[in-house]
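Computed from the coordinates by the stated procedures, all read-outs in this text should not be read as laboratory data. Small disclaimer: the values here were computed from a predicted structure and weren't measured. All Cβ positions, even for glycine, are placed from backbone atoms using ideal geometry, and neighbour counts span all protein chains on display.
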Amino acid sequence: MNLTISALDEYFMAHYSDYVRLAALPGYVMPERLVVGTDGTILKKDDSLMRLSHQPSAAALLAQLKEEQADTDYSFSFRFLRFGEKLRRPFDKYSFPRVLSRMLARRRLTAEEVGERLSIEPRFWKKIVKGALFPEKNTVIAIALVCGLDARDAENLFNACGYEFREDSVRDVVVRFLLEQKVFAAELRDLCLAEYKVTSLPIAR
């Protein structure tokens, strides 16, 4: 377990990109990002140099960030469809219900089995599956984790809803690590989420 957390920490330090938050950490050293080229022009180095992996005291800074971390990504599990979405849904072969249905079929899972792994009321889950309700991002993330999706399938599910992984989101960076490294065992998955205080995902415990 410690090896997985260590790997997650390294991944997080290399990918997390909320530079305003990082630069505000006590002890953070702002890197030199402007250099003079051989022709005298001033060049700007890539923003990625501001990530924790480039800091001399990276471990201490990460510990501070974890200490201050609070999950601000709470949302309801779903929202109601907008008028335009209702009109397009019957003709969209890449709509969330159709992408979800194909994905579950490939994994030989039923919607009922997935619903049992989520902390969403069955009556609402059925409407999400049918497309009568639109899943919020936390719900799509939870589906990806409990179904053991790889990063590509998760992105397809995200795209169907107009979502994307954001590197300035603690939750998204941690979840992407879990998907890329296939960390799907419930105990280990929950340990990684708890390490970064990702608490708002509707996953049944």
With springs only between Cα atoms under 10 Å, which of ASP39, ASP190, ASP18 fluctuates most in a Gaussian network model of the chain? ASP39
Sorted by chain and number, the residues with a modelled amide H under 5 Å from that of PHE78, at a separation of 5 or more or across chains, are GLU136
Net charge near SER17, counting Lys/Arg +1 and Asp/Glu -1 over other residues with Cβ under 9 Å of its Cβ? -2
Given a 10 angstrom Cα cut-off, can you work out which residue in LEU178, LEU81, LEU193 is the most mobile in a GNM of the chain? LEU81
The answer for ILE203, listing residues at least 5 apart or on another chain whose modeled amide H is closer than 5 Å to its amide H, is SER119
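Explain nothing, just the number: relative contact order of the stretch 78-195, from Cα pairs under 8 Å at least 6 residues apart, as a whole percent. Can you show the working numbers first?
Details: 92 pairs, mean separation 31.6, N = 118.
For the stretch 78-195, the relative contact order is 27 percent.
Tell me which GluC sites (Glu not before Pro) from the stretch 5-69 have a DSSP coil assignment and no more than 12 other beta carbons within 10 Å of their own. Intermediate values should be presented prior to the final figure.
Details: sites: GLU10, GLU32, GLU67, GLU68; in loops: GLU32.
Here the GluC sites (Glu not before Pro) that fit, given the DSSP loop and packing criteria, are GLU32.
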List the pair-distance distribution P(r) of the chain, using every Cα-Cα distance, as the percent of pairs falling in each 10 Å bin from 0 up to the bin containing the longest distance, rounded to whole percents. 8, 31, 29, 18, 11, 3, 0
In degrees rounded to 10, the 0-90 angle between helix 170-180 Cα long axis and the longest Cα principal axis of the chain is 70 degrees
Select from LEU133, THR72, VAL20 the residue farthest towards the positive end of the dipole of the chain; place +1 on Cβ of Lys and Arg, -1 on Cβ of Asp and Glu, and compute about the Cα centre. LEU133
C-alpha long axis of helix 96-106 to longest principal axis of the chain, angle in °: 90 degrees
For the chain, set up a GNM with springs between Cα atoms under 10 Å and report which of VAL20, VAL183, VAL146 has the largest fluctuation. VAL20
Relative to the Cα centre, what is the charge dipole magnitude of the stretch 55-200, using +1 at the beta carbon of each Lys and Arg, -1 at the beta carbon of each Asp and Glu, and rounding to the nearest 20 debye? 1020 debye
